[in-house]
1. In region 27-50, how many are over 12 Å from Val73 (Cβ atoms), open to solvent by less than 40 Å² (accessible area, probe 1.4 Å) and modelled with pLDDT of 95 or more?
2. What pairs come up if the first residue lies in region 35-48 and is more than 30 Å from Ala82 (Cβ to Cβ), the second is exposed (fewer than 12 other Cβ atoms within 10 Å of the Cβ), and their beta carbons are under 9 Å apart, counting only those six or more places apart or on different chains?
3. Return the residues of region 69-93 that are open to solvent by 70 Å² or more (accessible area, probe 1.4 Å), of a type in the set (D, E, K, R) and in a helix (DSSP H, G or I); say none if nothing qualifies.
Amino acid sequence: MNVNELALRDLQPSQFYISENKLQDIESWLDAADLSNFEPIPVKMLDGKPVITDGHTRAVAALRAGLKAVPLVWDADELDWAMYKRCVMECKRRG
């Protein structure tokens, strides 16, 4: 799967809270027409679904700005998959 072909709506969050202050900060500099300063959002595959591992606030800001896609990168870090599975399950439960 090519990470550049994924849409924001294709990505599964792994956290269900973000900071309102952090969101406001990002929205103050986010330019939907110029994503050159937008740090790519890292994703990993979990049970066949692309999961956001970091950058949830940037993802929400991008969605609120009407963006369908943003720069993404495959996350190469070793992660605690048991914890991520629990977090993703809770995100799904909370909708």
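1. 1
2. Close Cβ pairs satisfying both conditions: Asn37/Trp29; Asn37/Asp31; Phe38/Asp31.
3. Across region 69-93, the qualifying residues are Lys85, Arg86, Lys92, Arg93.
The values are calculated or read from the model by the stated rules, or taken from the named source; none is laboratory data. Keep in mind it's a predicted model, so treat the numbers as computed, not measured. All Cβ positions, even for glycine, are placed from backbone atoms using ideal geometry, and neighbour counts span all protein chains on display. Please note that ligands, DNA and RNA were not included when accessible areas were found on the heavy atoms of the full protein model with its side chains. Shrake-Rupley method; radii C 1.70, N 1.55, O 1.52, S 1.80 Å.
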